[in-house]
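Below: one structure, written as structure tokens.
The values are calculated or read from the model by the stated rules, or taken from the named source; none is laboratory data. Quick caveat: nothing in here was measured; it's all calculated off a predicted structure. Here Cβ is always computed from backbone atoms with ideal geometry, including for glycine, and neighbour counts include all displayed protein chains.
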Amino acid sequence: MRFDQVTPPQIERQPTCPNTSSSALSQRVTAHVQACYECQSNKPRRHKPYGDMEPIVTPSEVFHTCGVDFVSGVPRTADGFEAIMVMVDKYTKFAFFIKAKTTDTAETVAKRFLEHVFPTTGLPKALISDRDTRFTSEFWECLTKSLDIKLRMSTAYHPQTDGLVERTNQQLEIMLRHYVAIDQHDWDVKLTPLAMAHNAQKQASTGQSPFMLAFGREPSIFPLKDSVLAAGKKPNATVAGLLAIHRDAQESAALAQERQKRAYNERHMKLDFKVGDSVMVDVKNYRMRLDPTDQARTKLAARYIGPFKIKRRVGDLAYELDVPEWFTAHPVLPITALEPFKGDPDHFVPRAQAGVAAEGGLDELRVKGFLGRRPTALGESGKFDYLVEWAGPLPTWQADTKLPGLRWAQRRFEKRARTELELRRLRQGDTIILPDGQARADALMAASEGA
């Protein structure tokens, strides 16, 4: 069914509700449409994004809080590097650009930090990063704990807490486009001069260059006329002058952050959820489907998935959801990826599995997987009946011709058969039943023999 804006007038013209006022009827229709599960799953939202901005408090110390991220997709160098590790100081905006590999483990990343960043910055008190496996691994958590560093994690697909590094990544990519060779083979040798260019550039938020804020002077990029200062000549930046520069920069940063917060909040609307509330999840930012049983093509796939219950609040702008096992993403999501679910979450109609019809071609059902396989009655080569495990009804045998787009379920079944049944080869003429499907297969066999 499709709902549109002319539904109330259409119903009002019908003589079936003579004693119902137009206002009451409109309210009932509106409430019914808002609770439609298909509409909540498929229709885009036109309102402002949820959530006010909660910027991280700007630290008052140099190299106190640093953000870490990676730029990937660059050409592989001769020595195997195909990524860039970017680390930026929250206070001074001082950046480090370090060549890395996409296969780097948490231990490797920690070694790169200790080799390239630590000699300059010492140990920061806090690290800000996306939810990357390199940082959520047990090793990195143990390392940061042993070094007394608090690890602040951004929520999945909403790196607002890591916005500074995200912007620095964009600037780095723009600079690389300008200066790399046509075949892009030399991007790694450009990182050092580009880091200096970035750190020598005056920042709008602080009014100073990162180099000045970190070291109290501008870098000597070009050769000096006099290689040695005259005897007794004092350096330009005294300690008192450096402290004054820091105070001015901190005030400028605070003002800039307040301007950014006001501009952000004007484009967003405030919304809070309580524990136990049901929400839908916007899937537009996910490169892989959250639900592996949903095999619809991306273009026509559902815009929202759920509903899921709020398990707990994480910070001011994120929530942890109570999700099923097939939900492969991180369960902590930003409020911008959530929509309130309208209606009774215990009585919603789940989105159907595309292309899979029940017996008789009536209701569409959701497939969880295959529990068994047998040759078809005609014995056609490469054709099978599968014991389908449905999300609701009991498993039933279905011909593979009725199961288009479920290659993932076939692969999963074959893998389980080899592991759980210790089969080296799956013979086409054999009936293969997984242990958790044996009872149902026996019951279906008995029912067919009794008929």
Return the only residue of GLY216, GLY207 being modelled with pLDDT of 80 or more and on the phi > 0 side of the Ramachandran plot. GLY216
Within segment 72-121, take every residue that is modelled with pLDDT under 90 and among the polar types (S, T, N, Q) and give me the one that is surrounded by the most Cβ atoms within 10 Å (Cβ to Cβ). THR92
Let me confirm something: among ARG407, ARG424, ARG440, which residue is modelled with pLDDT under 85 and of a type in the set (Lys, Arg)? ARG407
List every residue pair whose Cβ atoms lie under 6 Å apart, where the two residues are 6 or more positions apart in sequence or sit on different chains, the first residue falls within segment 96-109 and is over 15 Å from THR144 (Cβ atoms), and the second residue, located anywhere, is of a type in the set (Ser, Thr, Tyr). THR102/SER72
Suppose we keep only residues that are part of a loop (DSSP other than H, G, I, E, B) and surrounded by 18 or more Cβ atoms within 10 Å (Cβ to Cβ) within segment 315-341. Which one would you say is modelled with the lowest pLDDT? ALA329
Being of a type in the set (Gly, Ala, Ser), modelled with pLDDT of 80 or more and not in a loop (DSSP other than H, G, I, E, B) is the filter; apply it to segment 342-379 and report the residue that is surrounded by the fewest Cβ atoms within 10 Å (Cβ to Cβ). GLY369
Quick count over segment 305-314, residues being surrounded by fewer than 19 Cβ atoms within 10 Å (Cβ to Cβ) and in contact with a helix residue (DSSP H, G or I) (Cβ under 8 Å, 6 or more places away or on another chain), is 1
Select from segment 403-451 the residues that are under 14 Å from PHE370 (Cα atoms) and in a loop (DSSP other than H, G, I, E, B) and list them in ascending order. LEU403, PRO404, GLY405, LEU406, THR431, LEU434
In segment 73-102, how many residues are of a type in the set (D, E, K, R), in contact with a strand residue (DSSP E or B) (Cβ under 8 Å, 6 or more places away or on another chain), in a loop (DSSP other than H, G, I, E, B) and within 14 Å of VAL189 (Cα to Cα)? 1
Please tell me if VAL165 is in the same structural domain as GLY80 (by TED's automatic domain parsing), within 30 Å of ARG76 (Cα to Cα) and modelled with pLDDT under 75. yes
